[in-house]
Amino acid sequence: MFNKKSLILFISLIIILSTVMVGAQEGKFAGQFTKEEMWVQESLDSYNEAPELKELVDAGKLPPVEERLPEVPRVVKSNIMANGIGEYGGVWRDTFAVPVASWNWGAQKTQGWFGINQMVQESLLISGPMWMLEQPDPLPNLVTDWEWSEDGKTLTMNLLEGVKWSDGEAFTADDVLFTYNDLILNDNIPTFGSKEAWVYGGQQTELEKINDYKIKWHFGVERPVHAFYNMDYLDFAVSPKHVYKHFHPDYNQDATYDDFVSATPPDDLPVVTLGPWIPTKYEAGQQLVMVRNPYYWQVDEEGNQLPYLSEVRFNEVESGDIRTMNLIGGSADRTNLENPETFSMVRQASLEEDAPFKIEFGPFGIGYHISMNLSRYLSVENDRDAELRELFREKAFREAVSHTISRDAVANVAFPGPLTQAWYGGYPSGSSYYDENSVVKYGYDPEAAKEKLASLGFVDTNGDGILNWPADSKIAGDELVIEMMINQDQQASINAAEAVQPMFREVGIDLKVRLVSANNVATKVGGGDFEMYFNRLDSAIPFIQMELFGPFRNNSPDWHYAASEGKRDLLGFEKEIQQIMQEARYVADAAERKEMFKEILNLYTENVYTVGVYEVRRGTGLHKRIRNWQPDIPPYMYNWTINSIPVQILYVNQEDQLETMFLDSIPTEEDYSNRSWHLPLD
């Protein structure tokens, strides 16, 4: 018989399962279009602009819209608009939980994640909207088209002509070359893009400027198709040369690399961007405000300059879960549903008659796993560090950890039902690259775990339940204590870590959980300053983000960074994964690539590269007043939803629009003229 609590839970599970199924049946946009049916470069007879921009034009503070747009602008087709041509005005309300570090994305600084980075950064190509393509391939963004040479080793790209940065300066090939040659290839500057990722056939790719709007890539092999994904969001977010050359030692003899990395701090506003909105106000810990970019280079089919929405407001909070609570309360417009603990609450709230939002769940796309630091050289400060790293490199120990964890129990702690399940690492099972037969599983078996640990020489010498290091180790007799780092913003990771703590103790390991802020997590990963790391895997497409799954670069994966000058001792199976990844970069046939990544999945799980714990279906919550959000958009496939819509086409019907408050902060030439970088270099 069901008791009351069990009955409520059972009903919740049925409702949520129906949500998953309904979401899967309402697909309208996935796999429907060619690139030309999504957007094109086209000159229209006339153009329109938002009323607030027209007022600035009439006041003589902005040039006419025809002069701000390219002569041949990007025209976004109404095919990909769920509700059609939009209306100007209104506010997008969002939430973020990572403080703005800087506006210098070219120095690997975050603008706060949670969709902010995507709104201010623009790349040569874009992969997010690929989910709508019949044949998924990267889409042109700041380029119009490209062509391979006859020998396949030279790629000629044509850039968009007439695009302007938000301060009115022209975007040209100089910005692209600056981003590649002076940032990505510069060993003195940390970047999201990787120098190693641009080595093909043992040759560093060269970038040549033909003229202001034509560039040529010169590769060491024929047609390295993976290079297109190096030109995407984060990896190749173009930096404005006219701003950052002032802080770069190669252009300013008085500047240092420290000056460059610390350039354009959070309060240095307004930002120079190619994105649809410009950050103009930021109060740390409170709110980030963006207003429409007068120079944005995209229009709809009726010639309306995008974006439709006038303002974007991000409230800064302590935890990402607050974003979900804000959506439920009607004070935010979007959330990612990633924490299983909130699923039932969110679903119940969405069923209320006056609920302001709706939710959809996709396939299993989030994996929670434990990684162990395999580096022998990064942040090895003492004998304990050295011994732990060697222990983590032992396959028997990684198998022991896998046998220690009851995955079903942890998944049920997170949320019992169809939205969570046990997972053994590699790729989430919702990935098109996943193959169940390739997965090797070391399931829950505490006795097997104890046997593995005993085989490594660990014995509980004093009977307190915690194993002691073997006599032949440098820390003989010390207790086996391991610290597990967790991003304090990932509540699901915290809950799971707390659930596995007693399981580790059962086999004789004293597991200590350490909560770390998101920015400090990135610092510690980059410096190899951690022991174990319980974190969330967000990517389900390993070909696009190989660095998340193996030693594709010197700074990947997170649990085995190379030290200075690339010093790293890869394990045997890591070398095999690395070799397959390098070969996959040149394979154009999707079916052949899938076979290669099946082999990687087998190597990954057989050797317990990380210890998969459980996986989750990712969902999206959206305020009902937001229009043009495609109903079948995946919460995450090739990239995040903000990359995948695209966000500049969203709008709100006039009767549902919230009052704007910051239109007086739309920047004009005068607002940029007093900046330190605006003056010419001697």
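So the values come out like this:
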quantity: Qualifying residue in the range 222-235 (condition: in a loop (DSSP other than H, G, I, E, B) and without any contact (Cβ under 8 Å) to a residue 12 or more places away in the chain); calculated: no
quantity: Candidate set from the range 451-500 (those that are hydrophobic (A, V, I, L, M, F, W, C), touching a residue at least 60 places away in the same chain (Cβ under 8 Å) and within 25 Å of ALA422 (Cβ to Cβ)); member that is surrounded by the fewest Cβ atoms within 10 Å (Cβ to Cβ); calculated: ILE482
quantity: Every residue from the range 170-204 that is in contact (Cβ under 8 Å) with a residue 40 or more places away in the chain, surrounded by fewer than 19 Cβ atoms within 10 Å (Cβ to Cβ) and charged (D, E, K, R); calculated: ASP174, GLU196
quantity: Breaking point among (1) surrounded by fewer than 18 Cβ atoms within 10 Å (Cβ to Cβ); (2) of a type in the set (A, V, I, L, M); (3) over 21 Å from VAL616 (Cβ atoms), for ALA409; calculated: (3)
quantity: Lone unmet requirement of (1) of a type in the set (Asp, Glu); (2) under 26 Å from GLY425 (Cα atoms); (3) not in a strand (DSSP E or B) for GLU615; calculated: (3)
quantity: Filter result (of a type in the set (Gly, Ala, Ser), assigned to a helix (DSSP H, G or I) and modelled with pLDDT of 90 or more) within the range 544-576; calculated: GLY572
quantity: Within the range 456-507, tally of residues that are at pLDDT below 95 and touching an Asp or Glu at 6+ places or on another chain (Cβ under 6 Å); calculated: 1
quantity: Any hit, the range 633-652, residues being outside any helix (DSSP H, G or I) and closer than 30 Å to ALA400 by Cα; calculated: no
quantity: Every pair of residues 6+ apart whose Cβ atoms lie under 6 Å, when the first sits in the range 400-418 and is within 16 Å of SER493 (Cβ to Cβ) and assigned by TED's automatic domain parsing to the domain that holds ARG505 while the second is crowded, with 23+ Cβ neighbours inside 10 Å and not aliphatic (A, V, I, L, M); calculated: ARG407/TYR614; VAL410/TYR614; ALA411/THR420; ALA411/TYR614; ALA414/PRO340; ALA414/THR420; PHE415/PRO340; PHE415/PHE343
quantity: ARG384, sole failed condition from (1) basic (Lys, Arg); (2) outside the structural domain of PRO470 (by TED's automatic domain parsing); (3) farther than 23 Å from PRO631 by Cβ; calculated: (2)
quantity: Hits in the range 326-356 (condition: within 25 Å of VAL652 (Cβ to Cβ) and among the β-branched types (Val, Ile, Thr)); calculated: ILE328, THR335, VAL346
quantity: Within the range 582-591, tally of residues that are outside any loop (DSSP other than H, G, I, E, B) and within 20 Å of GLY152 (Cα to Cα); calculated: 4
quantity: Failed item in (1) in contact (Cβ under 8 Å) with a residue 12 or more places away in the chain; (2) in a helix (DSSP H, G or I), with GLN579 passing the rest; calculated: (1)
quantity: Residue in the range 337-345 that is in contact with a strand residue (DSSP E or B) (Cβ under 6 Å, 6 or more places away or on another chain) and of a type in the set (Ser, Thr, Tyr) present; calculated: no
quantity: Unique residue being surrounded by fewer than 20 Cβ atoms within 10 Å (Cβ to Cβ), without any contact (Cβ under 8 Å) to a residue 24 or more places away in the chain and among the aliphatic types (A, V, I, L, M) when the list is ALA349, ALA448; calculated: ALA349
quantity: Residue satisfying condition, being under 30 Å from GLU360 (Cβ atoms), assigned by TED's automatic domain parsing to the domain that holds VAL243, not small (Gly, Ala, Ser) and not in a loop (DSSP other than H, G, I, E, B), within set GLU67, GLU36, GLU87, GLU55; calculated: GLU36
quantity: Test: residue in the range 77-87 that is of a type in the set (Val, Ile, Thr) and touching a helix residue (DSSP H, G or I) at 6+ places or on another chain (Cβ under 9 Å); calculated: yes
quantity: Residue within the range 294-303 that is over 30 Å from PRO51 (Cβ atoms) and aliphatic (A, V, I, L, M) present; calculated: no
quantity: Residues of the range 598-607 that turn out to be surrounded by fewer than 24 Cβ atoms within 10 Å (Cβ to Cβ) and either part of a strand (DSSP E or B) or in contact with an Asp or Glu (Cβ under 9 Å, 6 or more places away or on another chain) (or both), as a count; calculated: 5
quantity: Considering residues of the range 352-403 that are of a type in the set (Ser, Thr, Tyr) and either out of contact with any helix residue (DSSP H, G or I) (no Cβ under 6 Å at 6 or more places or on another chain) or under 16 Å from GLU606 (Cα atoms) (or both) only, the residue surrounded by the most Cβ atoms within 10 Å (Cβ to Cβ); calculated: SER402
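The values are calculated or read from the model by the stated rules, or taken from the named source; none is laboratory data. Please read all numbers here as calculations on a predicted model, not as lab measurements. Here the Cβ is made from the backbone with ideal geometry for all residues, glycine too, and neighbour counts use every protein chain on show.
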